[in-house]
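Heads up: the structure comes next, in structure tokens.
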Amino acid sequence: MTPMRTRNPLDILFIGGSGVISAASVTRAVERGDRVTVLNRGRSTSRTLPDDVETLVADVADDAAVDSALGGREFDVVAQFRAYTPDHVARDVERFAGRTGQYVFISSASAYQTPPSRLPVTESTPLRNPFWQYSRDKIAGEDVLVRAHREDAFPATVVRPSHTYDHTLIPTTGGWTDVARMRAGKPVLVHGDGSSLWALTHTRDFAVGFVGLLGHPLAVGDTFQIMGTHTPTWDQVYTWLAQAAGVDAPELVHVASETIARALPDVGPGLLGDKAHSMVFDCAKLRALVPEFGTTITYDQGAVEQVAWYDAHPEAQRVEEALDGGFDRLVEHARSL
């Protein structure tokens, strides 16, 4: 068992801080007693941060605005949730070198070899995704940090989350459009045969693992994946979502992922490059440093939370007409075979 560490409060900068993954981590850090500053555009309305969080307003894509907002401040930890390209990561290395004891980059589990050659996936699984540019850019960002740590001792930690959700992010292909279809008695599209396994992690569970790494001396210079042990099939995910929406027997129509990708190009990269394959992960490396991490919220509970939030916020119930029409065409084609 890992001994408890005594620690002083940390000065932590969250770049982002109000998103699906980051907001719960901000709250967790505040509850732990850390001094938290967030830097973002200040536009989020669906997530409320604790009152004692300091907010700096700047567009993270505007280097001059970020530098002006930060001034010459230093932080014990910088947690970067909003870097998506290697150029952005390289600018961060230049900006924060000598100004932080730990720089944490949010990469992605979609960076792993896709499809994986063996399960479970660990941090040593090769990084290669030929389907999704988003994933390749995350890999390239990691490469920048590996070089910076190796050559200049830049204090980088890489975190790879899988599919992390909160009350707003419905994990199915259509999101709220799928809920609307089920409530209207229409069939919903499920990729493949619906039996592939998918790791879904509630953001509050993610926050336990993530914040546990902040300021941990053994996390610097290393990589950690953070996702729970909850791996339902996609059929189960859609069924739980339907039940939360008051639909007891949803009609699930199965269509090959490649067929969906051809018919719905906007959906294709994320589907073929991530969701189409069974993904099961081993987080022993994380738990060795953060033994309190684990799955406490499963998606049958998460789906209830999501539908309740959307029902209380009708302005968020947006049906994507183009996607809805594409689903209709794919269902009709599948039925004609």
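Since every read-out is calculated from the coordinates, none of them should be taken as a lab result. Keep in mind that what you see is a predicted model, and the values were worked out from it rather than measured. Cβ coordinates were reconstructed from backbone atoms using ideal geometry, including for glycine residues, and neighbour counts include every protein chain displayed.
Mind listing the long-range amide H neighbours of Thr157? Cut-off is under 5 Å, sequence gap 5 or more, other chains count too, H placed in the peptide plane at 1.01 Å from N.
Tyr103, Val104, Phe105, Gly221
Express in nm, to one decimal, how much length is gained between Ala249 and Ser117 on full extension, taking 0.36 nm for each residue of separation and deducting their alpha carbon distance.
Numbers: separation 132, 0.36 × 132 = 47.52 nm, distance 3.51 nm.
Between Ala249 and Ser117, full extension yields an extra 44.0 nm.
What ranking of Glu74, Glu315 emerges when the number of other C-beta atoms within 10 Å of each C-beta is taken as an exposure proxy, fewest first?
On the way: Glu74 13, Glu315 7.
Ascending number of Cβ neighbours within 10 Å: Glu315, Glu74.
So how do 178-185, 56-63 stack up, highest first, on mean other-Cβ count within 10 Å?
Details: 178-185: 19.0, 56-63: 15.4.
So the order, starting with the most tightly packed, is 178-185, 56-63.
What does the charge count around Glu251 come to, taking other residues whose C-beta lies under 10 Å from its C-beta (Lys +1, Arg +1, Asp -1, Glu -1)?
Details: positive: Arg181, Lys186; negative: none.
Around Glu251, the surrounding residues sum to +2.
Reported to two decimal places, what Rg/Rh ratio describes the stretch 209-337 when computed on Cα atoms with Rh from the Kirkwood expression? All intermediate terms of the calculation are to be shown ahead of the outcome.
Details: Rg = 18.9 Å, Rh = 17.9 Å.
With Rg and the Kirkwood Rh in hand, the quotient comes to 1.05.
When the Cα centres of the stretch 122-154 and the stretch 169-186 are compared, how far apart do they sit, in Å?
The stretch 122-154 and the stretch 169-186 have Cα centres spaced 34 Å from each other.
How far, in nm, would the chain grow between Val146 and Arg41 when pulled straight, counting 0.36 nm per residue and subtracting the alpha carbon separation?
Details: separation 105, 0.36 × 105 = 37.80 nm, distance 2.89 nm.
My answer for the length gained is 34.9 nm.
What ranking of Ser195, Ser135, Ser25, Ser44 emerges when the number of other C-beta atoms within 10 Å of each C-beta is taken as an exposure proxy, fewest first?
Numbers: Ser195 12, Ser135 24, Ser25 28, Ser44 16.
If I rank by nearby Cβ atoms, fewest first, I get Ser195, Ser44, Ser135, Ser25.
Would you mind working out the magnitude of the charge dipole of the chain relative to its Cα centre, with +1 at each Lys and Arg C-beta and -1 at each Asp and Glu C-beta, to the nearest 20 Debye? Each step should come with its number before you reach the end.
Numbers: 31 positive and 43 negative charges, 109 e Å.
In debye, rounded to 20, the chain gives about 520.
The list [x] 110, 55, 49; [y] 63, 44, 43; [z] 68, 59, 38 gives values of Cα extents along the principal axes in Å, and only one came from this structure; which label was calculated from it?
[y]
Run a plain Debye calculation on the stretch 266-318 (Cα atoms as equal point scatterers, no solvent) and give log10 I(q)/I(0) at q = 0.21, 0.26, 0.28 Å⁻¹, rounded to two decimals, same order as the q list.
Per q value, in the given order, log10 I(q)/I(0) is -0.96, -0.94, -0.96.
About the Cα centre of the stretch 177-336, what is the dipole size in debye to 20, counting +1 per Lys and Arg Cβ and -1 per Asp and Glu Cβ, all else neutral? Write out the running numbers ahead of the final one.
Working: 11 positive and 21 negative charges, 41 e Å.
Value, rounded to 20: 200 debye.
Based solely on its DSSP helices, what 222 nm [θ] is calculated for the chain when runs of n ≥ 4 H residues each add -39,500 (n - 2.57) and the sum is averaged over all residues, nearest 500 deg cm²/dmol? Before the final figure, lay out the partial values.
Numbers: 11 runs with 123 residues, N = 337.
Computed ellipticity for the chain at 222 nm equals -11000 deg cm²/dmol.
Please give the charge dipole size of the stretch 1-91, origin at the Cα centre, charges +1 on K and R Cβ atoms and -1 on D and E Cβ atoms. Round to the nearest 20 debye.
Using Cβ point charges on Lys, Arg, Asp and Glu, the stretch 1-91 gives about 360 debye.
Taking other Cβ within 10 Å of each residue's Cβ, how do Thr164, Thr172 sort, fewest first? Working shown, then result.
Numbers: Thr164 27, Thr172 21.
Going from sparsest to densest Cβ surroundings: Thr172, Thr164.
Less than 22 Å apart at the alpha-carbon level, and either on another chain or at least 8 residues along: which lysines does that give for Lys275?
Output for Lys275: Lys138.
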